[in-house]
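Only the coordinates and a few stated rules stand behind these numbers; no lab work does. Nothing here was measured: the structure is a model prediction, and the numbers come from that model. With ideal geometry, Cβ positions are generated from the backbone for all residues, glycine too; neighbour counts draw on all protein chains shown.
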Amino acid sequence: MGKFQIRIAGFGGQGVVTAGKVLGLAAALYEGKNTVNTQSYGPESRGGACRSEVVISDEEILYPRVRFSDVLVTLSRTAFETYAPDMAPGSLLLLDPNSIQGDFSHLPVRIVQIPTAQIAHTLGRPQVQNMVTLGALQRLTQIASVGALEQAIRDTTPENTWELNIRAFREGIRYASALDASGAALESEQTDREDAAKGSRESIALTDDGVLMPGEYFIQGSEAVMEGALMAGCRCYAGYPITPASEIMEAAARRIPQVGGYFIQMEDELASACSLIGASWSGAKAMTATSSPGFSLMQEAISFAIMTETPFVIVDVQRPGPGQGYITSSQEDVMQARWGHHGEGSLIALAPASVQEMFDLTVEAFNYAEKWRVPVIMLADEAVAHMRERIVVPPRDKIWLLSRARPQEADIPPVDYLPLGGREVPLMAGFGDGYEINVVSLVHMPDGRVSAYNSELHLDVVRRKARKIEDNADRIARIETRFLEGARRVVICYGAPSRSSMEAVKEAREHGNRDVGYIRLVTLWPFPEDTLRDLIQAGVKSIIMPEMNLGMMIHPVREALRDRVETFIPVPSLGTIHAPELILEAIDSA
């Protein structure tokens, strides 16, 4: 099959996102294909432009968006005008003639016109237009079997709508079959498979204690974050909703009570972050999620947590700014994560690039927080948070989980306990454990007392809290590399653009540019300067850095490598993940 790319476009309220989710689920879980489903929509709940894309392949999918559509389904005139001109010759255009009229003879594509809205209306429910469309798409492309798609419909829609949705889906198949003289034989084959999946499958299978069963799931990045948090032992979520991070909070509200935890909707972002401090000192693993404007409001609590060495996790689904900006994808908080809080102090920040990593790195974030007694930031972005992919959840005994070291476990009596000193990472007792704890963000003695202040004490206190992270940067930070041997041009990337970057690097090398290498920063902070210098030796001509900002992480990269690299080339993008072509242009010009 190779790669098959489908774009479904219309406006909010037509079920565009649901159609993409159903198709992606059927292909990923029931057909066993590599599948990525992404969507894009405006701030309106209904009526605004809406697009869902599904990329299906037998091989690894890097760039998650449609580059060259094999199929375009347009449910509105605006969608047709936006996407039809970019269709490749020979691709399939499926449209509703009642919504989109005109002369399409100039388009070098196969055009199929099906009155999906009218068919849905005759079924008594205009909202099932998306299911009619899916049926027609199945008949015209065979991209997934009838049984797989019907099972995915059951998994995705409420049980009281199954009968109508599947009826609409089959009406789409029948109408499309009537357009093709060979349809009768194919429909007979489909009828044999229509009973392939009669039951409902649990899309999320849980163990007795409420976490995910081992297995495969097709879920959104935002859902994967929450499932990773629960697997890591998170039992407290305090938050305030903000687009595009609200789906994480919705998942928390649904899932935290199922594991016996506590979900709290706070009055604002600062209160949310402050709640994590109290929860953590009460012995709980705690987290919240926000987006860029909300992340700005949390900085005071982050500073407090660094000084008091309070572990928790914040997931920042970045959106563009300044100000309110917009609700699309961004990497504009990478410097705020490290330097946004007042005062000195280090923390840990991770940059996931896939739905699998939204699960895996969330588990790792909690381990880091507990091990180093520090806030950990998951610097996600809208592209990854709203992406759907298949993930694999391993057996529980294969997932390494870490909890904070406690004084009672080390047989340290209360009289000898130092809550804020005494070792590189102090042992952490909780409220009610019988130890005297003074949680104060003033400059303090190792036992928490704040008397006898002097500048030497201040320097010692802050330096230790920074040193425990920065001196262990090579132990904490993770870097992925490919094709570095003999590389003269190296793409350095992080987050969602890593996927576009790898696709661009592979294409460049396939076209004869064998001197192009690839480095991905999985950990942004602490910055792995020594490791980076070990990887990049003298003689590298150019560093190319795609970022969904105007060029932020290129600064520490340049500082680390200025004596080893001739030129540093930023590749900025605001509001959207880079297309591979944009990175290829930068590689060619380097």
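Among the listed pairs Lys21/Lys285; Lys371/Lys465; Lys398/Lys468; Lys371/Lys468, a Cα-Cα separation exceeding 20 Å is found for Lys21/Lys285; Lys398/Lys468.
Mind jotting down the distance between the C-alpha centroids of segment 374-407 and segment 455-521, whole Å? Cα centres, segment 455-521 to segment 374-407: 20 Å. Using the alpha-carbon atoms, what tilt in degrees (0 to 90, nearest 10) does helix 497-510 show relative to the longest principal axis of the chain? Helix 497-510 sits at roughly 70 degrees to that axis.
When the GluC sites (Glu not before Pro) in segment 1-97 are filtered for DSSP coil states and for at most 14 other beta-carbon atoms within 10 Å of their beta-carbon, the remaining sites are Glu44, Glu59, Glu60. The chymotrypsin sites (Phe, Trp or Tyr not before Pro) of segment 335-430 that DSSP puts in a loop, and whose beta carbon has at most 11 other beta carbons within 10 Å, are Trp400.
Using the Cβ atoms and a cut-off under 14 Å, what net charge is assigned to the surroundings of Lys21, where Lys and Arg are +1 and Asp and Glu are -1? Cβ neighbours under 14 Å give a net charge of -1. With everything on Cα atoms, drop me the angle between helix 129-141 and the longest principal axis of the chain, reported from 0 to 90° to the nearest 10. Orientation of helix 129-141: about 70 degrees from the principal axis.
The candidate values were [x] 1.02; [y] 1.19; [z] 1.14; the one computed from these coordinates for Rg/Rh (Cα atoms, Kirkwood Rh) carries the label [x]. Helical content of the chain, expressed as a calculated mean residue ellipticity at 222 nm, amounts to -10500 deg cm²/dmol (DSSP H runs of 4 or more residues, -39,500 (n - 2.57) each, divided by residue number, nearest 500). Of all DSSP beta bridges confined to segment 3-193, the antiparallel ones make up roughly 60%.
Averaging Cα coordinates gives a centre for segment 91-168 and one for segment 1-29; these two points are 11 Å apart.
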